[in-house]
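Student: Below is one structure. I have some questions about it.
The values are calculated or read from the model by the stated rules, or taken from the named source; none is laboratory data. Everything quoted here is computed from the prediction, not taken from an experiment. Because the Cβ atoms are built from the backbone with ideal geometry, glycine has one as well, and the counts that use them run over all protein chains shown. Remember, those area values only see protein heavy atoms, side chains included, never the ligands or the DNA or RNA. Shrake-Rupley method; radii C 1.70, N 1.55, O 1.52, S 1.80 Å.
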Amino acid sequence: MGIKSKIMHLVSFLLHGESKPIYAQVSYLSPGNRLAGKKIIITGGGRGLGFAMAKKFAAEGAEVLIAGRNEQTLKDSAAMIGCRYLKLDVSTPSEFEPFIEKSEKILGGANVLVNNAGISLHERTFFDVTPETFDKQIDTNLKGAFFLTQVFIAHLKNRNTKGNVLFVSSETGDTMDFRPYGFTKAAVNSMVQGLAYLFRKEGIRINAVAPGITASDMTGIKAGGNLNAGEYAAGRFYLPEEVAEIAAFLVSDSSGCVSGQIITCNNAQTINARWK
Ligand SMILES: NC(=O)c1ccc[n+]([C@@H]2O[C@H](COP(=O)([O-])OP(=O)(O)OC[C@H]3O[C@@H](n4cnc5c(N)ncnc54)[C@H](OP(=O)(O)O)[C@@H]3O)[C@@H](O)[C@H]2O)c1
């Protein structure tokens, strides 16, 4: 402790009595190296937004493991990035404990989980929603993410390790919806804030990215094609790589003071503006 810090400490002691000192560690952006030391599990990492994140994270020095249902997709994608993979269906919570155990063995411990796997069944109207479509989306987008996070955080705590969890929400989480997809993302947003608060003193951060309509199989919008979206979202659709940039910051130590935040990636389209 330098002389200046000692004086500050003494002043603080005289004013407030003895208290535990708090020190801050600042991580500076260093492109290409921002995720060194991160061991990251990404659900749904074989394609779409998950794949873009996996690629970005690996390029930033992370060790990455992608998970999903289709082994061939995972194998091909992992070979492209140079990362590891494991099969996992996020709608089967009984698989989560062995999955996290195996992932930790493969990566030599894991300190970041990205809950990206998700489905949207695009029911055309309110009357097209069925108990089956309802359950399927809840099980994949919400229940799966909840229980996988529960197992992951239990492992972090057992190993006395700090880490973070990133959820992939959606702009629909913050707006109205008459379909289960939107409900799942609204619930994810609540979960992000609830868990962030719960673990705020344990060095476990929880955040989310909430993309606008982005090129992927889910939307059928082609990344290499026309991204003009007419009236929607500043006139265009988004690219998975744009979301991956924000995700990389949120899982890195550069965002070490950020938790419980849902970062919407849609150029302010869903801000509830007073003037329109
Ligand atoms: N694209 C958008 O406009 C947009 C906007 C906002 C939010 N999001 C969110 O972004 C995330 C990724 O979406 P995307 O657009 O990349 O969709 P996508 O191209 O359809 O990819 C979905 C990914 O999730 C995986 N997946 C689906 N069900 C799964 C299950 N039961 N178990 C394990 N993995 C499963 C898929 O892998 P397998 O099929 O190989 O299992 C795939 O990797 C989702 O959470 C979605 O809600 C997307």
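Student: Once fully extended, how much extra length lies between residue 76 and residue 102, figured as 0.36 nm per residue of separation less the alpha-carbon to alpha-carbon distance? Let's see the in-between values first.
Tutor: Working: separation 26, 0.36 × 26 = 9.36 nm, distance 2.01 nm.
Full extension from residue 76 to residue 102 adds 7.3 nm.
Student: Considering only protein heavy atoms and a probe of 1.4 Å, how much of the accessible area of segment 43-112 is carbon and sulfur, as a whole percent?
Tutor: Values: 1500 of 3140 Å².
Carbon-and-sulfur percentage of accessible area, whole number: 48.
Student: Could you sort out which of 143/201; 105/162; 55/105 sit more than 19 Å apart by Cα distance in this structure?
Tutor: Details: 143/201 25 Å; 105/162 17 Å; 55/105 21 Å.
Over 19 Å apart, Cα to Cα: 143/201; 55/105.
Student: Report, in whole Å, the centroid distance computed from the Cα atoms of segment 201-247 and segment 69-86.
Tutor: If we compute the Cα centre of each part, the gap is 22 Å.
Student: Short version: ³J(HN,Hα) in whole Hz for each residue of segment 74-88, in order, from phi by Karplus 6.51 cos²θ - 1.76 cosθ + 1.60 (θ = phi - 60°), x for Gly and Pro, what are they?
Tutor: With the stated coefficients, segment 74-88 comes to 4, 4, 5, 5, 4, 5, 5, 8, x, 10, 9, 8, 8, 6, 7 Hz.
Student: May I pose another question? Would you mind telling me the share, in percent, of accessible area of segment 142-217 contributed by carbon and sulfur at probe 1.4 angstrom?
Tutor: Numbers: 1810 of 3220 Å².
Looking at segment 142-217 in its full context, I get 56 percent from C and S.
Student: For residue 20 and residue 241, compute 0.36 nm times the residue count separating them, minus their Cα-Cα distance, and round to one decimal in nm.
Tutor: Values: separation 221, 0.36 × 221 = 79.56 nm, distance 4.20 nm.
Result: 75.4 nm gained on full extension.
Student: Using only alpha-carbon positions, what ratio does the radius of gyration of segment 34-265 give when scaled by 2.2 N^0.38 Å?
Tutor: Details: Rg = 16.7 Å, N = 232, 2.2 N^0.38 = 17.4 Å.
That works out to 0.96 for segment 34-265.
Student: Here is a follow-up. Skip the ligands, DNA and RNA, and give the accessible area per residue of segment 22-76 with a 1.4 Å probe, whole Å². It would help to have the intermediate numbers written out before the result.
Tutor: Numbers: 2930 Å² over 55 residues.
Computed with neighbouring chains in place, this is 53 Å² per residue.
Student: Below 12 angstrom from the Cβ of residue 104, what's the summed charge of the other residues (Lys, Arg +1; Asp, Glu -1)? If you can, show how the numbers build up before the last one.
Tutor: Details: positive: 39, 84, 102, 105, 159; negative: 63, 97, 101.
The answer is +2.
Student: Enumerate the calculated ³J(HN,Hα) couplings along segment 123-139 in order (Karplus 6.51 cos²θ - 1.76 cosθ + 1.60, θ = phi - 60°), each rounded to whole Hz, writing x wherever the residue is Gly or Pro.
Tutor: My calculation for segment 123-139 gives 4, 5, 9, 4, 7, 8, 6, 10, x, 6, 5, 4, 4, 4, 6, 5, 4 Hz in order.
Student: Where does helix 96-107 land angle-wise versus the long Cα axis of the chain, in degrees 0 to 90, nearest 10?
Tutor: Approximately 60 degrees, to the nearest ten.
Student: Also, quick follow-up: Could you give the length gained by full extension between residue 157 and residue 128, i.e. 0.36 nm per residue of separation minus their alpha carbon distance, to one decimal place?
Tutor: 6.2 nm
Student: Rounded to the nearest 10 Å², what accessible area does residue 130 have for a 1.4 Å probe in the complete protein model?
Tutor: Residue 130 has an accessible surface of roughly 50 Å² with all protein chains in place.
Student: Take every DSSP beta bridge whose two residues both sit in the chain, then give the antiparallel share in percent to the nearest 5. Write down the numbers at each step before the final one.
Tutor: Working: 2 of 29 bridges.
About 5 percent, rounded to the nearest 5.
Student: State to the nearest 20 debye the size of the charge dipole of the chain about its Cα centre, where the only charges are +1 on K and R beta carbons and -1 on D and E beta carbons.
Tutor: Roughly 880 debye for the chain.
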